Amino acid sequence: NGLTGSFLLWHRAAPPFAKNYFQAGMEIGSHTVDHACFAIHEPALRYELASNIMAIAASTTVPQAQLISFAWPCGFTGIERQIVAAVYFLIARGYNINQLEDPTPNNFMNVKSYNSHEHIPHPPADLKTVVDAAIAQGKWFNLVLHATNNDDGAVAYAATNNIWVAPLGTVTKYILQRDRVVITNYSEGAGSIQFDCYRLPLIPSAVRGFENSIGANDSLTLTVDVSGLPEIQSVAVGGVGRPFTNGGSMLYFDAPIT
C-alpha cells in the first residue's frame, strides 16, 4: 500500500527477509532474545535487550544506531523494566491496552497500542474505525499485527487518507525532535518572514548515544501563520530553497533541524 512499518524481531538472529524489508524502507526493531512474558531479574533483562540488539545488527544491514524501537513480549512490563529499557531504546511499544496514544506520549517506554484480533482483550471488530478515531482526535494509532495481516483493511484504508503512516522509530524521532525545537529572532519585514531555529540534542543513556540515530531524512514540518499576507512565492532554509504547501492561512514546509 506504499506505506512502511516496524518489524520487531526476537531470537539471536534476524530472519532472512529482514534485510530486504529494511532496504525497502521498513524499520527493524527489537523484541528480546527469549520472549519472556514474566518477571526476570535486571541482569537477565539487560542480556535480553543488549543481545537482541547486537544479534540483529550482526545478521542484517541495519546500523546499530537505528535499532531504537522495542516491543514488550505479551505486553508484560513495569516501572523497573521500563527504566532498564530506556537505557537501550527511544520507544517501547506496550500491549493489551487498546487505546490511542497522545501526540506526545506520557510514557515512551510503554506506548499505547491496539491488540491484534487473536489476543484478549480484543480490539474493535473493525480496525478501520480506529483509523477514523485517530484522525478525529489527532492522536497516534499503533496497530499491532502478529502472524497474519488481520487488519480489516485498516492499512489500505489509512493509505487513502491524508495522514502520516510511519514506523515506530520514525514517529518517535519526529516527536522528540519536535518537542526540542527552539525558534529565535523572528521578524517580519517588507515581503518576508525570517527566523532562526535549532534543536536541543537527544539525551544519551549510560550505554547509548541516541543523537546518532537521527539522519538527513529525519526532518520536521514547520508551520508558519501567513494569514493576511500576500501570496507566498518561495521558502528557503539556510539559503537553500525548499518545497512548501500553502494551506490557506498556514504555510507548511519540511526541514532538518540540527
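The values are calculated or read from the model by the stated rules, or taken from the named source; none is laboratory data. Fair warning: this is a prediction, and the values are worked out from it, not measured in the lab. Cβ: placed from backbone, ideal geometry, glycine included. Neighbour counts: every protein chain shown. Just the protein is used for accessible areas: all its heavy atoms, side chains included, with ligands, DNA and RNA removed. Shrake-Rupley method; radii C 1.70, N 1.55, O 1.52, S 1.80 Å.
Points to keep in mind about this one:
- For the stretch 57-67, Karplus couplings with θ = phi - 60° (6.51, -1.76, 1.60), whole Hz, Gly/Pro x: 4, 6, 10, 9, 9, 6, x, 4, 5, 8, 8
- Per-residue 3J(HN,Hα) values for the stretch 8-20, derived from phi via the Karplus relation 6.51 cos²θ - 1.76 cosθ + 1.60 with θ = phi - 60°, read 9, 10, 10, 5, 9, 8, 6, x, x, 5, 4, 4, 5 Hz in sequence order (x marks Gly and Pro).
- Prolate/oblate/rounded label for the stretch 150-258 (Cα gyration tensor, a/c 1.5): oblate
- The stretch 77-167: C-alpha gyration tensor shape, a/c 1.5 cut-off, then a/b vs b/c: prolate
- Within the chain, helix-based [θ] at 222 nm, where runs of 4 or more DSSP H residues each add -39,500 (n - 2.57), nearest 500: -7000 deg cm²/dmol
- Potential lengthening between Arg46 and Asn106 on full extension [0.36 nm per residue; Cα-Cα distance subtracted]: 19.2 nm
- Nearest 10 degrees, 0 to 90: helix 168-178 Cα axis against the chain principal axis: 40 degrees
- For the chain, the number of Lys pairs with C-alpha atoms closer than 20 Å, counting only pairs eight or more positions apart or on separate chains, is 5.
- Accessible surface, the stretch 1-155, averaged per residue in Å² (probe 1.4 Å): 47 Å²
- Along the stretch 111-116 the Karplus relation, 6.51 cos²θ - 1.76 cosθ + 1.60 evaluated at θ = phi - 60°, assigns HN-Hα couplings of 5, 6, 8, 10, 5, 7 Hz to successive residues, with x for each Gly and Pro.
- The distance from the alpha carbon centre of the stretch 119-149 to that of the stretch 180-205 is 35 Å, rounded to a whole number.
- Here's how it looks for Glu27: its modeled amide H is under 5 Å from those of Gly5, Ser6, Phe7, which are all 5 or more places away or on a different chain.
- Near Tyr157, once Lys and Arg are set to +1 and Asp and Glu to -1 for all other residues with Cβ below 13 Å from its Cβ, the sum equals -3.
- Share of carbon and sulfur in the accessible heavy-atom surface of the chain [1.4 Å probe, %]: 56 percent
- Count Lys and Arg as plus one, Asp and Glu as minus one, and take only other residues whose Cβ is under 15 Å from that of Phe38; the net charge is then -3.
- Relative compactness, the chain, computed as alpha-carbon Rg over 2.2 N^0.38 Å: 1.11
- For Val235, residues with placed amide H under 5 Å, excluding near neighbours: Arg242
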